[in-house]
Amino acid sequence: HAVAVDAEHTLLHAVPGLTAALVHADPAPSPGESDPHLPLAHHAASS
């Protein structure tokens, strides 16, 4: 959580006119836990 807050704070100071930023921390799933982003996978562009 602290890393995301630090990144948001840095962005707010670094980008003129920026009033909000959403920083999403994405840790790896725990052993036995499925990827919480699987429901979104079919929306990702394939290359």
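The values are calculated or read from the model by the stated rules, or taken from the named source; none is laboratory data. Computed from a predicted model, the values in this text were never measured in an experiment. When we count neighbours, we look across all protein chains shown, and the Cβ atoms used for this are built from the backbone with ideal geometry, even at glycine. Ligands, DNA and RNA are excluded from the accessible area calculation, which covers all protein heavy atoms including side chains. Shrake-Rupley method; radii C 1.70, N 1.55, O 1.52, S 1.80 Å.
Miscellaneous remarks
- Top-ranked residue in region 1-36 [being part of a loop (DSSP other than H, G, I, E, B) and of a type in the set (Asp, Glu); ranked as modelled with the highest pLDDT]: Glu33
- Matching residues in region 22-38 - criterion: being of a type outside the set (Gly, Ala, Ser) and either more than 22 Å from Ala4 (Cβ to Cβ) or open to solvent by 90 Å² or more (accessible area, probe 1.4 Å) (or both): Leu22, His24, Asp26, Pro27, Pro31, Glu33, Leu38
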